[in-house]
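Undergrad: One structure is given below, represented as structure tokens, and several questions about it will come after.
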Amino acid sequence: MLVFGVVLAILGTVFGLPAMRQRLQMSLAQQGLLLFFLYLGIFVASSAVGPLIDHLGNKANLLTSSVLVAIAMVVFADARSFATASFAALLLGVGGGGLNTCTNALVSDLYTAQRGPMLNLLGIFFGVGALSIPLTAASIVGRFTIPQLFLLCAMLATVCALWYAVIPFPAAKTKQEFSWRELLEVAKYQGVLLLALILFCESGNEACIAGWTSTYVNVAGQAPRVATLVLAGYWAGLMVSRMLAARVLRGIGKLQLVLSMALLSLAGCAVLLLARSLVLLFAGTALIGLSYGPIFPTTLAIAGDRYAQRAGTVFGLLFSIALTGGMLLPWAVGQVSQRVSVCAGMIVPAVGAVVIVGLSIVIFFRGRRSVALPGTD
């Protein structure tokens with residue numbers, strides 16, 4: 001999960017460094033397209049890997065996914081054109097998507113009585129990986145190169161692959177032949193699609209903030225090193241909130257936590273859009289990170305409570321729908337930024353926050369009535 005954090009943070013971080021944009025000779029619209037390819041790869045992997053976990057187990061999937069991430073990082077290190085970078089982004093997404101689905105499904109299986117706290121704890125390691133990238137990038141400016149940063153990430157993924165090759169994993173749950181029809185079957189489960197809509201918006205918002213914050217801060221007149229540090233503030237807030245969420249869930253229900261964080265995310269987006277100083281830029285991104293942290297893993301925990309026997313397939317479906325938002329929203333930011341301005345483009349995640357609030361209210365009150373939602377506390 002730490003490596004998946006690196007996968008999601010690396011492109012947004014290097015896009016804030018002029019050297020990378022000059023190297024690939026890309027426009028703002030093409031930057032959004034690279035993020036689209038990254039999340040397209042995650043989408044493809046999430047659709048396929050979920051059922052494969054149920055039938056083949058986690059070991060082969062984790063091993064293969066780690067190798068793909070390592071290869072993609074090496075290709076990025078040598079990329080000199082937008083076409084090569086696009087291929088690397090797609091491959092990186094496929095590997096990262098496999099890691100994300102496998103790790104969440106495995107933890108959900110192993111900790112049936114503590115899914116909410118443990119999935120948030122897993123998310124802390126995602127935060128560590130994501131936070132390490134902008135901090136590393138800020139520290140290497142003038143000392144090391146961007147290709148060396150990519151090669152360092154490739155080494156980390158390779159170490160994980162070697163580790164997965166030797167440690168034991170639980171056996172696969174089922175041995176039937178894989179069928180794409182399973183994804184359609186679990187989509188009919190009561191409450192699944194409503195949860196998926198929350199994750200669609202949340203994934204899209206997270207992709208926008210991770211992929212465009214450093215560019216937004218750079219355009220606002222701040223130095224590239226400062227831009228990467230502001231992005232680090234987002235990842236730090238996300239990691240801290242996931243650390244706190246595990247404790248908060250001992251006292252309040254999962255639905256209450258999702259609704260509270262959705263409201264907080266709306267406030268954070270407002271601060272970021274209205275920011276006219278470096279302090280407010282830091283405050284807005286940190287507040288967004290604090291609010292985003294628990295939403296995704298807690299929503300997954302709600303699904304895991306209800307669909308334990310088909311966790312791999314259900315999680316794969318949820319990730320696939322969620323990552324459609326991850327593809328479309330940052331792409332939309334790029335299109336708006338190219339035609340209007342980056343500031344106008346950052347309105348996209350603010351709109352997403354409004355939608356999340358509305359959906360969370362629906363989930364909360366339906367959960368209280370115990371009508372349609374799984375995992376009601």
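The values are calculated or read from the model by the stated rules, or taken from the named source; none is laboratory data. None of these values were measured; they are calculated from a predicted model. Because the Cβ atoms are built from the backbone with ideal geometry, glycine has one as well, and the counts that use them run over all protein chains shown. Side chains are part of the model used for accessible areas, which takes the heavy atoms of the whole protein and leaves out ligands, DNA and RNA. Shrake-Rupley method; radii C 1.70, N 1.55, O 1.52, S 1.80 Å.
Undergrad: Within the accessible area of the chain, what % is carbon and sulfur when the probe is 1.4 Å and the other protein chains stay in place?
TA: 69
Undergrad: I've got another one for you. Evaluate the charge dipole of the chain about its Cα centre and quote only its size in Debye, nearest 20, assuming +1 on the Cβ of each Lys and Arg and -1 on the Cβ of each Asp and Glu.
TA: Taking the Cα centre of the chain as origin, the dipole is about 380 debye.
Undergrad: If I model a spin label as a point 7 Å beyond the Cα along the Cα-Cβ vector, how far apart are those points for L273 and I167 in nm?
TA: Taking the two extended label points, one gets 4.3 nm.
Undergrad: Find the Cα radius of gyration of the stretch 1-77, compare it with 2.2 N^0.38 Å by division, and give the number to two decimals.
TA: After normalising by residue count via 2.2 N^0.38 Å, the value is 1.27.
Undergrad: Among L195, G251, A77, whose Cα lies farthest out toward the positive end of the dipole of the chain, if unit charges sit on the beta carbon of Lys, Arg (+1) and Asp, Glu (-1)?
TA: G251
Undergrad: Between A113 and R143, what is the label-point separation in nm under the 7 Å Cα-to-beta-carbon projection?
TA: Roughly 4.6 nm, to one decimal.
Undergrad: At 1.4 Å probe size, with every protein chain present, just tell me what the per residue accessible area of the chain comes to in Å².
TA: Accessible area per residue: 38 Å².
Undergrad: Another question, if that's okay. Specify which residue in the list S47, I124, L323 is farthest towards the positive end of the charge dipole of the chain, using unit charges on the beta carbon of Lys, Arg (+1) and Asp, Glu (-1), about the Cα centre.
TA: I124
Undergrad: Show me the chymotrypsin sites (Phe, Trp or Tyr not before Pro) within the stretch 73-151 that DSSP assigns to loop and that have at most 12 other Cβ atoms within 10 Å of their Cβ.
TA: In loop regions of the stretch 73-151 (DSSP not H, G, I, E or B), there are no sparsely surrounded chymotrypsin sites (Phe, Trp or Tyr not before Pro).
Undergrad: A further question on this structure: Note down the magnitude of the dipole of the stretch 224-310 about its Cα centre, charges +1 on Lys and Arg C-beta and -1 on Asp and Glu C-beta and zero elsewhere, to the nearest 20 debye.
TA: With Lys and Arg at +1 and Asp and Glu at -1, about 140 debye.
Undergrad: Rg to Rh ratio, the stretch 55-173, alpha-carbon atoms and Kirkwood radius?
TA: 1.02
Undergrad: What list of ³J(HN,Hα) values in whole Hz, one per residue of the stretch 319-326 in order, does the Karplus curve 6.51 cos²θ - 1.76 cosθ + 1.60 (θ = phi - 60°) give from phi, with Gly and Pro shown as x?
TA: 5, 4, 5, 4, 6, 4, x, x
Undergrad: Separate question: Can you figure out the FRET efficiency of A344 with A60, using R₀ = 41 Å and their beta-carbon distance, to the nearest 0.05?
TA: 0.35
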